[in-house]
1. For the stretch 169-202, what are the residues that are loosely packed, with under 14 Cβ neighbours inside 10 Å and under 20 Å from T49 (Cα atoms)?
2. List, please: which pairs have Cβ atoms under 6 Å, are six or more places apart or on different chains, and start with a residue in the stretch 218-237 that is farther than 18 Å from S256 by Cβ and end with one that is among the hydrophobic types (A, V, I, L, M, F, W, C) and modelled with pLDDT of 95 or more?
3. Do we have any residue at all in the stretch 137-147 that's under 19 Å from the mean Cα position of the chain (by Cα) and either aliphatic (A, V, I, L, M) or assigned by TED's automatic domain parsing to the domain that holds S83 (or both)?
4. How about the stretch 173-281: which helices (runs of 4 or more DSSP H) wholly inside it have at least 1 residues that are of a type in the set (S, T, N, Q) and in contact with a helix residue (DSSP H, G or I) (Cβ under 9 Å, 6 or more places away or on another chain)?
5. Do you know which residues across the stretch 25-52 are closer than 21 Å to L149 by Cβ and either outside any strand (DSSP E or B) or among the polar types (S, T, N, Q) (or both)?
6. Of the conditions (1) modelled with pLDDT under 95; (2) farther than 28 Å from F249 by Cβ; (3) of a type outside the set (V, I, T), H189 clears all except one; give me its number.
7. Would you please name the residue that is farthest from L4 (Cα to Cα), looking only at residues in the stretch 84-128 that are without any contact (Cβ under 8 Å) to a residue 40 or more places away in the chain and buried (at least 17 other Cβ atoms within 10 Å of the Cβ)?
Amino acid sequence: MKRLCSSSNETLLSLNTDPDCLASPAQFSEYTVVFIPEGEGLYHADFGTFPFKGPVLLFSTPLQLIYIERSQPCDLTMLQFHSDFYCIEYHKAQVACNGLLFNNIYITPSVNLDERETASFKNLLAELTAEFDTSGCDEIVMRGYLQLLLAKSSSIKLKSVANKQDPREKDEQMEEFRELLEQHYLTLHKPSDYAEMLAMSPNNFTKRCTRYFKKSPSAMIQERLILEAKKQLHLTRRSIKEIAYALQFSDEFYFSRFFKKFTKVSPQTFRQKTGISIVADLPK
């Protein structure tokens, strides 16, 4: 593994080419990008299980529980970066990857690549590897390589979404569920609530949702609430108590138990490991 560390020995940027590095479930404090040039299998990320076939890029946010189940041996390169090294929210004007590559519960966390794009990412990672091997590697240069990789990934993903290259058929009722969940995730926490609004039986709703989003309705509801909690913890300086009330929990202790049940860490530990974004101190 190659690492760029802070003065306190915290990983800021790293490259790992161990093919078994994601063979078992793991949580990382950093954002993760996995490049798989060939091979296929299943990518597990928190609530979802996503089939993949290389060449592909896979993405995860800090402290997601992730691992790769391969149906055949395949090489991979895992690139990780801490938000202190590159804040995706602060740089959203340059690279619109937040909500596209990361932090989106509705979109498959992957980018499929063609032959030309695969060659481009191989070259980019090779150059980044060479920079790691340079004595006194330049952080500005390395941050530039990372920004270019994220920008290329976002561009490909945007084109894929725009061209509707996703092979699944659009399900209008599931798209309506997406809109309803965004409106009501703070107050409606039962799948039956949404099934009723969609005039669907609970059983049919569960089947359609799982087929369309690769997750059950209950997982979607929980993940949306957890996503908002993570945003508040990372992007604001609100206290845990203030965040709990903003998310309409009865108290901070119930919120902490709920958060830890699904992330395996407490809200305070999540904040300590991911840090508070520089965005928290920008003028509103």
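The values are calculated or read from the model by the stated rules, or taken from the named source; none is laboratory data. As the structure is a prediction and not an experimental result, all values here were calculated from the model. All Cβ positions, even for glycine, are placed from backbone atoms using ideal geometry, and neighbour counts span all protein chains on display.
1. If the condition is that a residue be loosely packed, with under 14 Cβ neighbours inside 10 Å and under 20 Å from T49 (Cα atoms), then E169, K170, E175 are the ones that fit.
2. Within 6 Å, the pairs are R224/L181.
3. Taking every residue of the stretch 137-147 in turn, at least one turns out to be under 19 Å from the mean Cα position of the chain (by Cα) and either aliphatic (A, V, I, L, M) or assigned by TED's automatic domain parsing to the domain that holds S83 (or both).
4. It comes to 191-197, 202-213, 217-235, 252-263, 267-274.
5. F28, S29, E30, T32, P37, E38, G39
6. It fails just one condition, (2).
7. Taking the candidates together, the pick is N98.
Table: residues versus (1) surrounded by 19 or more Cβ atoms within 10 Å (Cβ to Cβ); (2) in the same structural domain as T108 (by TED's automatic domain parsing); (3) free of Cβ contacts under 8 Å to residues at least 60 places away in the same chain.
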{"residue": "S7", "(1), (2), (3)": "no, yes, yes"}
{"residue": "L15", "(1), (2), (3)": "no, yes, no"}
{"residue": "L22", "(1), (2), (3)": "yes, yes, yes"}
{"residue": "F35", "(1), (2), (3)": "yes, yes, no"}
{"residue": "E40", "(1), (2), (3)": "no, yes, yes"}
{"residue": "K53", "(1), (2), (3)": "no, yes, yes"}
{"residue": "E69", "(1), (2), (3)": "no, yes, yes"}
{"residue": "M78", "(1), (2), (3)": "yes, yes, no"}
{"residue": "H82", "(1), (2), (3)": "yes, yes, no"}
